Amino acid sequence: MRTYTAVIVDPKNHLVWHIDYLDHVDEETLHLSFEDFLKRISFKVLGVVKDKWQAATNALKKVFHKLWIGYCHSHCLKKFREALTEYQKETTCSQAEITQSYKKFKVF
């Protein structure tokens, strides 16, 4: 059996605002979890940073109105690293070239 965890964390002080263990992570289940969180807080959630998983994006938008959503840079870097690995296989370029390209991209 798989169990999933939905977590909302304050990045400045690593305070966990919300944590929920879920059997499913579809849009409706996440929506219910976020609604439960909203009932328990007395402040407005202005924005989140997350991966590009559409079910979570939709659930957040339904619960938190006018929410700013930023996308996690580490997921982007991981995909870029994977793409560079494939590129290296296809072109047989050196590891130094791949590392240099990754470092240039990572700055942004």
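The values are calculated or read from the model by the stated rules, or taken from the named source; none is laboratory data. As the structure is a computational prediction, the values presented were derived from the model and not from experiment. Positions of Cβ are generated from backbone atoms using ideal geometry, with glycine treated the same way; all protein chains shown enter the neighbour counts. Only protein heavy atoms, including side chains, enter the accessible area calculation; ligands, DNA and RNA are left aside. Shrake-Rupley method; radii C 1.70, N 1.55, O 1.52, S 1.80 Å.
Cβ separations smaller than 8 Å between residues 6+ apart or across chains give the following pairs from segment 38-55 residues that are in a strand (DSSP E or B) to residues that are exposed (fewer than 10 other Cβ atoms within 10 Å of the Cβ): GLY47/GLY70; VAL48/GLY70; VAL49/PRO11; VAL49/GLY70; LYS50/GLY70.
Residues in segment 4-33 that are hydroxyl-bearing (Ser, Thr, Tyr), modelled with pLDDT under 85 and crowded, with 16+ Cβ neighbours inside 10 Å: how many? Result for segment 4-33: 0. A single entry from TYR87, TYR102 fulfils the requirement of being part of a helix (DSSP H, G or I), of a type in the set (Phe, Trp, Tyr) and open to solvent by 60 Å² or more (accessible area, probe 1.4 Å): TYR87. Considering only residues in segment 58-73 that are closer than 30 Å to LYS103 by Cβ and out of contact with any Ser or Thr (no Cβ under 7 Å at 6 or more places or on another chain), the one that is most open to solvent (accessible area, probe 1.4 Å) turns out to be TRP68.
Within segment 27-46, the set of residues being within 19 Å of the chain's Cα centre (by Cα) and closer than 14 Å to VAL9 by Cα comprises PHE34, PHE37, VAL45, LEU46. Here LYS78 passes the criteria (1) under 13 Å from the mean Cα position of the chain (by Cα); (2) part of a loop (DSSP other than H, G, I, E, B); (3) not small (Gly, Ala, Ser) except the one numbered (2).
For segment 34-43, a tally of residues being closer than 12 Å to VAL63 by Cβ and either among the small types (Gly, Ala, Ser) or open to solvent by 40 Å² or more (accessible area, probe 1.4 Å) (or both) returns 4.
Pairs meeting the criteria (first residue in segment 1-22 and under 18 Å from PHE34 (Cα atoms) and without any contact (Cβ under 8 Å) to a residue 60 or more places away in the chain, second residue part of a loop (DSSP other than H, G, I, E, B) and open to solvent by 90 Å² or more (accessible area, probe 1.4 Å), beta carbons under 7 Å, at least 6 apart or on different chains) are THR3/ASP23.
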